[in-house]
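Just below is one structure, and these are the notes that go with it.
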Amino acid sequence: MDETNKNFIALPDEYSSFKKAKVAIMQAPYDKTTTYIHGTASGPAAIIDASRYLELYDDEINQETFKIGIHTAEPLEVEKLSPEEMVAKVYSSTLELLKAGKFPVMLGGEHSVSVGAVKAFKETYPDISVLHLDAHNDLRNEYFGSKLNHGCVARRISEICPLVQVGMRSISKEEKDFLSSQGPGAKVKTIDVYDILDTPMWKDKVTNSLAENVYISIDLDVFDPALMPAVGTPEPGGLGWYEVLDLLRDVAKDKKVVGFDVVELCPIKGQVASDFFAAKLIYRLLGYIFYGKK
């Protein structure tokens, strides 16, 4: 294997050039507002490295998904920026890719990076909604003195477009009050783990709540920490691999997914299973999006 190849799944130029690729991988190695375990800035590089060891043939969808063309952009220089500057940088970079006709996939970094991306998608797809998979509601208006803290990301997104949250199992009183205060036509709909346990058709409830155009934001702590321990704030009782894949497959089939992000990987030294897990999730989701309707 060519150790100098830093492309997602180590693709050669034939399938990774910007001009030919349908997909553009962005990297936002940002970790400034993390409040528990630090290290998510190392997440994008760990995912890229692990992806080099994926099988290029996807055994579920029976496709070599890489043939759509996947370009890997250089990491955004955001590490030293303020949250406001970082969001602006992610916004402009995402918008540039959308104007070039690419399908952006962003690797975080902490979850606050998603705000800039959603702003760019809203300009491009005015009727968009966001599917937010997470252990936490992230609906605080302000946290540790910042409205762009990772614990506020869903609140900021809800100010941009409608939001459907899935998998939550940890909430503050402030966030509970915010959800309870919503009237008819609420912009935030939440399907938490208790809804999932009590509602056999919960995936239909999710897809029916989404607009035709969907951006997906996946905080890896939506998964149970037994499967995904390498996250900034692990919460017990999370979702399973196939449970999440079933949902993503349905959404990709029924809606137009226009972009997505995978955030909050906090690599653990000597434990690469989580890195590989994240890389395979990205590759599988790309397969659902580009081949799922065929």
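The values are calculated or read from the model by the stated rules, or taken from the named source; none is laboratory data. Please read these numbers as outputs of a predicted model, since none were measured by experiment. Quick reminder, even Gly has a Cβ in these numbers, built from the backbone with ideal geometry, and neighbours come from all protein chains shown.
Quick look at the values:
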{"read-out": "Count - residues of the range 38-72 that are of a type outside the set (D, E, K, R) and loosely packed, with under 15 Cβ neighbours inside 10 Å", "value": "5"}
{"read-out": "Close pairs (9 angstrom Cβ cut-off, 6 or more residues apart or separate chains): free of Cβ contacts under 8 Å to residues at least 40 places away in the same chain and assigned to a loop (DSSP other than H, G, I, E, B) in the range 62-90, surrounded by 13 or more Cβ atoms within 10 Å (Cβ to Cβ) and acidic (Asp, Glu) anywhere", "value": "Glu64/Asp58"}
{"read-out": "Boolean, Gly101 is in contact with a Lys or Arg (Cβ under 7 Å, 6 or more places away or on another chain) and over 22 Å from Ala279 (Cα atoms)", "value": "no"}
{"read-out": "Condition met for Ala50 (touching a Leu at 6+ places or on another chain (Cβ under 6 Å) and in contact (Cβ under 8 Å) with a residue 12 or more places away in the chain)", "value": "no"}
{"read-out": "Number of positions in the range 32-51 that are part of a loop (DSSP other than H, G, I, E, B) and touching a Lys or Arg at 6+ places or on another chain (Cβ under 9 Å)", "value": "1"}
{"read-out": "From Glu77, Glu84, residue being farther than 22 Å from Asn5 by Cβ and of a type outside the set (A, V, I, L, M)", "value": "Glu84"}
{"read-out": "Members of the range 210-260 found to be within 19 Å of Thr94 (Cβ to Cβ) and either modelled with pLDDT under 95 or basic (Lys, Arg) (or both), listed by number", "value": "Lys256"}
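Let's see how each residue does on (1) among the hydroxyl-bearing types (Ser, Thr, Tyr); (2) surrounded by fewer than 21 Cβ atoms within 10 Å (Cβ to Cβ); (3) modelled with pLDDT of 95 or more:
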residue: Glu123; (1), (2), (3): no, yes, yes
residue: Asp127; (1), (2), (3): no, yes, yes
residue: His136; (1), (2), (3): no, no, yes
residue: Ile160; (1), (2), (3): no, yes, yes
residue: Gln165; (1), (2), (3): no, no, yes
residue: Ile171; (1), (2), (3): no, yes, yes
residue: Gly183; (1), (2), (3): no, yes, no
residue: Ile191; (1), (2), (3): no, yes, yes
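Per-residue answers, yes or no, for (1) in contact (Cβ under 8 Å) with a residue 24 or more places away in the chain; (2) touching a helix residue (DSSP H, G or I) at 6+ places or on another chain (Cβ under 9 Å); (3) outside any loop (DSSP other than H, G, I, E, B); (4) farther than 19 Å from Gly108 by Cα:
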residue	(1), (2), (3), (4)
Asp127	yes, no, no, yes
Val130	yes, yes, yes, no
Arg140	yes, yes, no, yes
Val153	yes, yes, yes, no
Ile157	yes, yes, yes, no
Ile160	yes, yes, no, yes
Val164	yes, yes, yes, yes
